[in-house]
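J.: Sharing a structure with you now.
The values are calculated or read from the model by the stated rules, or taken from the named source; none is laboratory data. Every value quoted in this text rests on a predicted model; they were computed, and no experiment measured them. Don't worry about glycine lacking a Cβ; one is built from the backbone with ideal geometry, like all the others, and counts go over all protein chains shown.
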Amino acid sequence: MTSKILFENKGHDPRLASIEMVEDIIKEHHEFASKSALQRALPKTIQTQTFNRILNYLEKSNKIIFTKNRAVVWIFSDDPKLKKVWNESVPL
């Protein structure tokens, strides 16, 4: 069990500031034609391994998707009205 965890966690974990930087730029522009276009748009450089881990995290947390053309698209909604409707809805 321990060896499985070690293999899944190769390298270092991204810093919160790096995750937020990538998240903010995608949220601001909504879509990038490719991962490399997104990486070029970042205000600071990030190592490729770290960048890919951040994108992997954002995809697993349902904040971004990759289209069939490998474009990066922001899909997470943080609209307060939508949150209010969701919280007030009746479960089925």
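Residues are listed down the side, and each one gets a yes or a no for (1) at pLDDT below 95; (2) exposed (fewer than 10 other Cβ atoms within 10 Å of the Cβ); (3) among the basic types (K, R):
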| residue | (1), (2), (3) |
| --- | --- |
| K4 | yes, yes, yes |
| F32 | no, no, no |
| A41 | no, no, no |
| I46 | yes, no, no |
| I54 | no, no, no |
| K60 | no, yes, yes |
| P91 | yes, yes, no |
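J.: How many residues are touching a helix residue (DSSP H, G or I) at 6+ places or on another chain (Cβ under 9 Å) and either small (G, A, S) or in contact (Cβ under 8 Å) with a residue 24 or more places away in the chain (or both) if we restrict to segment 54-75?
T.: Of the residues in segment 54-75, 11 are touching a helix residue (DSSP H, G or I) at 6+ places or on another chain (Cβ under 9 Å) and either small (G, A, S) or in contact (Cβ under 8 Å) with a residue 24 or more places away in the chain (or both).
J.: Among the residues of segment 64-92, write down those that are of a type in the set (A, V, I, L, M) and closer than 27 Å to F32 by Cβ.
T.: At the first step, the residues of segment 64-92 found to be of a type in the set (A, V, I, L, M) are 64-65, 71-73, 75, 82, 85, 90, 92.
I64, I65, A71, V72, V73, I75, L82 - these are the residues of segment 64-92 that are of a type in the set (A, V, I, L, M) and closer than 27 Å to F32 by Cβ.
J.: Taking into account only those residues within segment 6-21 that are out of contact with any Phe, Trp or Tyr (no Cβ under 9 Å at 6 or more places or on another chain) and assigned to a loop (DSSP other than H, G, I, E, B), which is modelled with the lowest pLDDT?
T.: N9
J.: For segment 33-52, name all the residues that are among the basic types (K, R) and more than 14 Å from A17 (Cα to Cα).
T.: Within segment 33-52, K35, R40 meet the criteria.
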